[in-house]
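Asker: Below you'll find the structure I mean.
Nothing in this text is a laboratory measurement; each read-out follows from the coordinates by a stated rule. Only a predicted model underlies this, so the values are computations on that prediction, with no experimental measurement involved. Here the Cβ is made from the backbone with ideal geometry for all residues, glycine too, and neighbour counts use every protein chain on show.
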Amino acid sequence: MEYLYRWFLGYVIINVTGINKERFLNLCNNHKLNIWNIIEYGKSSITLNIALEDIRKIRDLRRKTSCSIKIIKKHGLPFIYNKYKKRYLFWGGIGICMTIVWVMSLYVWNISVEGNVKITEDRIVKALREENVSFGMRCKEVDGSSIEMFLRKRFTDITWVSVELKGTRLIVHIKENDDLGYRQEDSKPCNIIANKPAYIISIVTRNGTPLVKQGQQVNIGDVMVSGGVDVYGDSGELVNEDYVTADATVYGRVEYPYSYEMNMKYIEKNYSGRKKTAFTFRIGEHSLHIMGLPVTYKKYDIIADYRQLYLFTNYYLPVYCVKYKYREYKESEKTYTKEQIEELMNRRLTHFLQQLEEKGVQIIKNNVTIEIAGEKCISKGNIVAVEEIGKRQIINSNEGMEGYNENERD
Amino acid sequence: MNSVVDSLNLPRDVFYGAPLLHITGKYEGIIENYKSIIEYDENNLILNTKDGKIKITGDSIKIEYFNESDMKIKGNLKEIVLL
């Protein structure tokens, strides 16, 4: 630490020769000069380090002791400054550099999303672009609360959004909900309506009046459990109509149509093994090729690896280093064999069934057949499944009552 | 005066102006309360103090820093003689 301080103020190494060098040292002391590192240099001569500001006072002392003094080395910031004082372009360059860095920091150069599981970062960034929140906007124009509100409205899966501006990064923190099913709207009276055409297998009503029963076929929109409840008096007469939140579990048999087509002929890529790597710099929208191009292959795959440059974690710059990998391949036309294509079709069907099962759907029958017709292979059929159906529909005061009355009168 | 200082065990460097020497092994030492340097070269350092002289003999003695009140020396110290 001490060294830094001394270097900052500047010091000089001088050589003192003469008989009276010790007297010189004592005099330095008396005049309170800052000296250190006194070493014998040769016969009857010593070198010592002395602070720059004290060197002027040495002239008088030299006369008094009649020693010869030579400056051997100069260290420190004041000397460097003197050397570069006249280099105006150098100082200009520093000024320009600092201005550029400061100006760059006024814009947003990186938007990243954290905490997203189902929603891809891409979707969110594209959605933000519609709201004019994008790469290259002024930091001042970022309005956190309006962005949060927009995202919450746009994506119904998001339960919590928080937008943070760090350096030149716009970080969007998200928490998604895992399909909890019914939203808790217990206070409002509602019906349960069918959300897909189904054949009712079982219905268990916990609240409300059931309007359908086992074995009945319903269409989309049919009211299955009504929120209207009759209140009967002692003598069995209709006294009042009350509206509650209908709650029931209805299982129905649903049919999912499935169809998929594939060509028997396909184009196979044979990688020849030749590869090439190219590097480019991208500043904003302009690219600058560094090495590796042009590519002479006729057909090739490109894998691009973008890396954005940044200083100190949060200060992103609109400069990208892109590494392109080119892999050459030759195309050849081939035909699937019967076994191959059947396996591919089956795999796809299994995936579809798996997706249904993950949602809680129980598959009863699988009527899908695979047929090869000339150049194409078609798989078509129906999948019969049992799943929970039903969706809540809020009763609007007038509508609900009318609908209810109609049903009753029938 | 001397007996008062001695019997009360008062610090002698304050009352007598005696020099203080802190020596760390054969390698370095800090000397306080001296008056001036009489002689200095690589092998000898003679200091003048209120109470007498100190002569330090050794190899490649160098003075790290040097104030009115204290100084620090480094090197291979061989002899310290209080004259």
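Asker: Taking the simple approach of a point 7 Å from Cα along Cα-to-Cβ for both residue A:157 and residue A:213, what is their distance in nm?
Answerer: 4.2 nm
Asker: Could I ask something else about it? Hey, how many Å between the Cα centroid of the stretch A:226-241 and the Cα centroid of the stretch A:96-147?
Answerer: 59 Å
Asker: Also, quick follow-up: Subtract the Cα-Cα distance of residue A:391 and residue A:188 from 0.36 nm times their separation in residues, and report this length gain in nm to one decimal.
Answerer: Using 0.36 nm per residue and subtracting the Cα-Cα distance, I get 71.6 nm.
Asker: Report the charge-dipole magnitude of chain A in Debye, nearest 20, computed about the Cα centre from +1 at each Lys and Arg Cβ and -1 at each Asp and Glu Cβ.
Answerer: Approximately 5900 debye in magnitude.
Asker: Only loop residues by DSSP count here, and only those with at most 14 other Cβ atoms within 10 Å; note down the trypsin sites (Lys or Arg not before Pro) in the stretch A:112-146 that meet that.
Answerer: Listed in order of number, the matching sites are A:118.
Asker: Using 1/(1 + (r/R0)^6) with R0 = 45 angstrom and r between the beta carbons of residue A:117 and residue A:338, what's the FRET efficiency to the nearest 0.05?
Answerer: Once the sixth-power term is evaluated, E becomes 0.65.
Asker: Here's another thing I want to ask about it. Straight-line reach from residue A:153: which aspartates and glutamates have Cα under 20 Å away, leaving out those fewer than 8 places along the same chain?
Answerer: A:114, A:121, A:122, A:130, A:131, A:143, A:164, A:176, A:178, A:179, A:185
Asker: Between residue A:165 and residue A:201, 0.36 nm times their residue separation minus their Cα-Cα distance comes to what?
Answerer: Residue separation times 0.36 nm, minus the Cα-Cα distance, leaves 7.6 nm.
Asker: With a cap of 15 neighbouring Cβ atoms within 10 Å, and only residues DSSP puts in a loop, list the chymotrypsin sites (Phe, Trp or Tyr not before Pro) found in the stretch A:1-91.
Answerer: none
Asker: Please compute the net charge surrounding residue B:38, taking Lys and Arg as +1 and Asp and Glu as -1 over other residues with Cβ under 11 Å from its Cβ.
Answerer: Around residue B:38, the surrounding residues sum to +2.
Asker: Out of A:58, A:11, A:116, whose Cα points farthest toward the positive end of the dipole of the stretch A:1-130 (charges: +1 Lys, Arg; -1 Asp, Glu; placed on Cβ)?
Answerer: Positive-most Cα among the choices belongs to A:58.
Asker: Here's a follow-up. Label points 7 Å out from Cα along the Cβ direction at residue A:311 and residue B:9: separation in nm?
Answerer: The modelled label-to-label distance comes out at 6.3 nm.
Asker: Compute from the Cα atoms of the protein assembly as shown the Rg and the Dmax, the latter being the longest Cα-Cα distance, and quote both in angstrom.
Answerer: 46.1, 135
Asker: Can you give the relative contact order of the stretch A:110-176 as a percent, counting alpha carbon pairs under 8 Å and 6+ residues apart?
Answerer: Contact order relative to length: 43 percent.
Asker: Write down the percent of antiparallel bridges among all DSSP beta bridges whose residues are both part of chain A, to the nearest 5.
Answerer: Percent antiparallel among DSSP bridges in chain A is about 95.
Asker: Given H placed on each backbone N at 1.01 Å, which residues far from residue A:10 in sequence or on other chains put an amide H within less than 5 Å of it?
Answerer: So residue A:10 has HN proximity to A:77.
Asker: If you take every residue apart from residue A:38 with its C-beta less than 10 Å away from the C-beta of residue A:38, what net charge results, scoring Lys and Arg +1 and Asp and Glu -1?
Answerer: Net charge around residue A:38: 0.
Asker: Only Cα pairs under 8 Å and at least 6 apart count here; give the relative contact order of chain A as a rounded whole percent.
Answerer: This gives 13 percent for chain A.
Asker: Lysine pairs, Cα distance under 24 Å, 8 or more residues apart or cross-chain: how many in the stretch A:266-335?
Answerer: 24
Asker: Another question about this same structure. Under the Kirkwood approximation applied to all pairs of distinct alpha-carbon atoms, what is the hydrodynamic radius of chain B in Å?
Answerer: With all distinct Cα pairs of chain B included, I get 13.3 Å.
Asker: Treating the beta-carbon of each Lys and Arg as +1 and of each Asp and Glu as -1, no other charges, what is the dipole magnitude of the stretch B:17-82 about its Cα centre, to the nearest 20 debye?
Answerer: The dipole of the stretch B:17-82 has a size of about 120 debye.
Asker: For chain A, what are the DSSP H helices with axial Cα length of 20 Å or more and mean Kyte-Doolittle hydropathy of at least 1.0?
Answerer: On the way: long enough: A:88-104 (24 Å, 1.75); A:338-358 (30 Å, -1.14).
Passing helices, by number: A:88-104.
Asker: For residue A:116, list long-range residues whose amide hydrogen, built 1.01 Å from N in the peptide plane, is under 5 Å from its own amide hydrogen.
Answerer: Sorted by chain and number, the residues that satisfy this are A:174.
Asker: In the stretch B:16-83, which trypsin sites (Lys or Arg not before Pro) fall in coil by DSSP and have 15 or fewer other Cβ atoms within 10 Å?
Answerer: B:26, B:50
Asker: How many nm separate the modelled label positions at residue A:355 and residue B:59, each set 7 Å beyond the Cα in the direction of the Cβ?
Answerer: Once both label points are built, they end up 8.6 nm from each other.
Asker: Which shape class applies to the stretch A:241-323: rounded if a/c is under 1.5, otherwise prolate when a/b exceeds b/c and oblate if not, where a ≥ b ≥ c are the square roots of the Cα gyration tensor eigenvalues?
Answerer: oblate
Asker: Related question: How far, in nm, would the chain grow between residue A:295 and residue A:177 when pulled straight, counting 0.36 nm per residue and subtracting the alpha carbon separation?
Answerer: Numbers: separation 118, 0.36 × 118 = 42.48 nm, distance 4.71 nm.
Extra length available between residue A:295 and residue A:177 comes to 37.8 nm.
Asker: Return the inverse of the average 1/r over all pairs of distinct C-alpha atoms in the stretch A:49-174, which is the Kirkwood hydrodynamic radius, in Å to one decimal.
Answerer: By the Kirkwood definition, the hydrodynamic radius is 19.9 Å.
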